[in-house]
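Trainee: Got a structure for you, questions after.
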């Protein structure tokens, strides 16, 4: 095999790896510094903990989609980006 082809292939591979690494580094956000309880967006059975109105005390017990009393934790600043999402409380992330 021609050494020029091998060298060209090797350089192309290194450049492609660099582009992929740079692209994937920006695709994942930083670790959240705070979380927020986001209510009104939860699917039935997918809530994180007890209902805001006290109707139950456990995760996974939401009975209907988009109930205003059911919530999930999301990274701070995310809830307001979701249609129907209402921030009910915030807490710092664990370090």
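The values are calculated or read from the model by the stated rules, or taken from the named source; none is laboratory data. All values reported here derive from a predicted model rather than from experimental measurement. A quick note on method: Cβ atoms are made from the backbone with ideal geometry, for glycine too, and the neighbour counts reach across all protein chains shown.
Trainee: Could you list all residues from the stretch 30-72 that are surrounded by 13 or more Cβ atoms within 10 Å (Cβ to Cβ) and at positive phi?
Mentor: Result: 40, 45, 66.
Trainee: Which condition number does residue 36 fail, the rest of (1) modelled with pLDDT of 95 or more; (2) assigned to a loop (DSSP other than H, G, I, E, B) being met?
Mentor: (2)
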